[in-house]
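One structure below.
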Amino acid sequence: MTAVTLERLPGHVALVTIDRPEARNAINGEVAAGLEAAVDATEADDDIRAVVLTGAGREAFCAGADLKEVSAGRGSALRTERGGFGGFVFRERSKPWIAAVNGKALAGGTELVLACDLVVAVRQAAFGLPEVLRGLIAAAGGLYRLPRAIPPNIALELILTAGQLDAERAHGFGLVNRLVDDVEGLREAALALAAEIARNAPVAVRQSLRVAREANSGLDEAALRALTRDAFERVAASQDFKEGPRAFIEKRAPRWTGR
């Protein structure tokens, strides 16, 4: 069985699934390689405009690092040079990724979520960075991404106590974009959100995402303005820049080329 699957679906959307439910979808070397390959494939495919990442089963989105692999001395296999932990958390990606959280996302699982752009979750999902319980730290981005995503004092409490944040509260803090009642509706809700993105002009979406990701990066106003100017120039040079107004005038749906 493949540890990570990639499905290309209608509507310019892809679904990536971590498929180790027997291990709570924990990250081992095969998952890290599979996630990196999934990023490579979706970045190279111009037909894909948005990607959903989820875990198999009903219990866990991802339980983080497979500690059996770590204790066996194979911890280095859980990261890749380009992507970092899971082949994903530090990987540059031009397309929006949506985490569809089907259960608990703990430790590296929360760090995978924080590395995505949007989050859809079932009400029974939970998030947390319990690394300190094992004498570890959340070194895959969680220690600084979580305080950016939710109120800093709440993030500190979770980090220092190894506590968990339930999905309802995470939604209230803005970490979760959309809540669904059960796993059966999760895929549909996440793919619907991806479809909302995919119906828009691909170049404009990618360039908007590129600028928005830098909003909390520490860049000053001048740098952000320069980045926005560059993004606008790239959009203005695209075929889609002409197609949008033309479709509006002709009262028809736009036919985006992504070029």
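The values are calculated or read from the model by the stated rules, or taken from the named source; none is laboratory data. Please read these numbers as outputs of a predicted model, since none were measured by experiment. As a convention, Cβ positions derive from the backbone with ideal geometry for all residues, glycine included, and neighbour counts pool all protein chains shown. For the accessible areas, the whole protein counts, side chains as well, though only heavy atoms, and no ligand, DNA or RNA atoms are used. Shrake-Rupley method; radii C 1.70, N 1.55, O 1.52, S 1.80 Å.
Helix 202-212 axis versus longest C-alpha principal axis of the chain: approximately 50°, rounded to the nearest ten. Is the shape of the range 74-203 rounded, prolate or oblate, going by the alpha carbon gyration tensor and its root eigenvalues a ≥ b ≥ c, with a/c under 1.5 for rounded and a/b larger than b/c for prolate? Taking the square roots of the gyration eigenvalues as a ≥ b ≥ c, the range 74-203 is oblate. Which of rounded, prolate, oblate describes the range 134-250, given a ≥ b ≥ c as roots of the alpha-carbon gyration tensor eigenvalues and a/c under 1.5 marking rounded, otherwise prolate only if a/b is larger than b/c? Oblate shape, in that a/c is at least 1.5 and b/c is the bigger or equal ratio.
Solvent-accessible surface of the range 1-127, averaged per residue with a 1.4 angstrom probe and all protein chains in place: 38 square angstrom. Computed from backbone phi with θ = phi - 60° and the Karplus coefficients 6.51, -1.76 and 1.60, the 3J(HN,Hα) list for the range 52-66 is 10, 10, 9, x, 6, x, 10, 8, 9, 6, 6, 8, x, 5, 6 Hz; x is used for glycine and proline.
The range 194-259 and the range 77-111 have their alpha-carbon centroids 25 Å apart.
Ligands, DNA and RNA left out, the accessible area of the range 150-204 computed with a 1.4 Å probe is 52% carbon and sulfur.
Residue by residue, the range 67-74 carries 3J(HN,Hα) couplings of 5, 5, 5, 5, 5, 8, x, 10 Hz when phi is fed to the Karplus relation 6.51 cos²θ - 1.76 cosθ + 1.60 (θ = phi - 60°); x denotes Gly or Pro.
Against the chain, whose longest principal axis comes from its Cα atoms, helix 183-198 is set at around 30 degrees.
Surface composition of the range 29-73: carbon plus sulfur atoms contribute 49% of the solvent-accessible area (1.4 Å probe, protein chains only, all chains present).
The order of the peptides 232-242, 22-32 by mean Cβ neighbours within 10 Å, most packed first, is 22-32, 232-242. Probing with 1.4 Å while keeping every protein chain in the model, the per residue accessible area of the range 183-259 equals 65 Å².
Each residue of the range 231-245 was assigned a 3J(HN,Hα) from its phi angle through the Karplus expression (A = 6.51, B = -1.76, C = 1.60, θ = phi - 60°), giving 4, 5, 4, 5, 5, 5, 7, 8, 5, 5, 4, 7, 5, x, x Hz with x at Gly and Pro.
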